[in-house]
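Here the structure is laid out as structure tokens; the discussion comes afterwards.
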Amino acid sequence: MTLEIPGFAYTRLPGANDVELNVAVGGDGSPVVLLHGFPETHLMWRHVARKLATEHTVIVPDLRGYGASDKPRATDEDVYSKRTMAADIVAVAARLGHERFALVGHDRGALVAFRAGLDHPQAITHLGILDVVPTLDMWNVLRGLSAAVGYHLFLMAQPAGLPETMISNSADAFFGSFLDAWAKDPAAIPDDVRAEYLRASGGAVDSIVADYRASAGIDVAQDRADFDAGSQFTMPVTVIQQDWGSQLGYDASQVWRAWAPDLDHRLTRAGHFMAEEAPHEIAEAIQDLLTR
């Protein structure tokens, strides 16, 4: 049985090109959309979503290609571009009656949120980013031996066929390795939740790889076009991340300030799965963002 966020209602809503997303909705008030990362589902927000729902309408979808959302075939690279995935989110929010909303993303969801903030500034009132750098910058900072931390990025960037076969043949070991390596507090992902992540990811290998492959192609091109044009976020932005800059040799706040003039950049001692490891800290940071 698929796990759910207690107290939230579930529905399926069409995003871009009639791709349906699994969406959890709870609370009442100004809208906040939360986007999950890899190798997880919307369930990663279960603690934070319930905290925010005391004051806000909280919308928590599975991204296309993940969880219980549709997983269209990647007939071209745009199917899983962050531009298309961002259009999904704007369409879903509009279906729920919200033409403007705050948007917070973690990991892959943060890259979707990044693109939504650039493509749909009229819709995004506040932007929260958890534990990534922009795609264009990500490839620039991964170099030398330090790039080994992102080996999966290079694996899933390869042409269709081999990555999908390799991952499918060892799906639990592959996806589980990230849950193990990236969590500073393994107890934050209990056994039933871990099993749900592995089940969902194992059933979505092709679409997950397509999502990552897009970030080595069309997503880079679209980010570069915006960077070259001097595009920046017009809304307040909060970035929360581990201290990757000191580990990989770059100034993370400077990277983000090039994109976000109104920036609150925070470092956390939590692991990558910070919404589960430090939900009070993350919920408080989101509330701070929403007051700006």
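Below is a table of values for the structure above.
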item: Peptides ranked, highest mean first, by Cβ atoms within 10 Å: ranges 205-213, 139-147, 280-288; result: 205-213, 280-288, 139-147
item: Spin-label proximity, S177 to region 13-43 - amide N less than 19 Å from point 7 Å beyond Cα toward beta carbon; result: 38-40
item: Area projected by the alpha carbon convex hull of region 137-292, averaged over all directions, nm²; result: 10.4
item: P(r), alpha carbons of the chain - 10 Å bins starting at zero, rounded %; result: 7, 31, 40, 21, 2
item: Accessible surface of region 172-292, 1.4 Å probe, proportion on carbon and sulfur as whole %; result: 50
item: Nearby lysines by direct alpha-carbon distance to K51 (threshold 26 angstrom, same-chain neighbours under 8 apart not counted); result: K184
item: Cα-only Debye scattering, region 1-156: base-10 log of I(q)/I(0) at q = 0.14, 0.15, 0.18, 0.21 Å⁻¹; result: -0.66, -0.76, -1.07, -1.40
item: Relative contact order (percent, whole number), region 43-163, Cα cutoff 8 Å, 6+ residue spacing; result: 16
item: Relative contact order of region 160-292, pairs being alpha-carbon contacts under 8 Å that are 6 or more residues apart, as %; result: 28
item: FRET efficiency, D251 to A187 (Cβ-Cβ, R0 25 Å, nearest 0.05); result: 0.15
item: Kirkwood Rh in Å, taken over region 208-282 so that all alpha-carbon pairs contribute; result: 14.3
item: Local electrostatic count at F175 - Lys and Arg +1, Asp and Glu -1, tallied over other residues with Cβ under 12 Å; result: -2
item: When region 10-61 is reduced to its Cα atoms, the Kirkwood hydrodynamic radius in Å; result: 11.4
item: For the chain: relative contact order, % (alpha-carbon pairs under 8 angstrom, 6 or more apart); result: 21
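The values are calculated or read from the model by the stated rules, or taken from the named source; none is laboratory data. Just so we're clear, the structure is a prediction, and the values are computed from it rather than from any experiment. Here Cβ is always computed from backbone atoms with ideal geometry, including for glycine, and neighbour counts include all displayed protein chains. All accessible areas refer to the heavy atoms of the entire protein, side chains included, with ligands and DNA or RNA removed. Shrake-Rupley method; radii C 1.70, N 1.55, O 1.52, S 1.80 Å.
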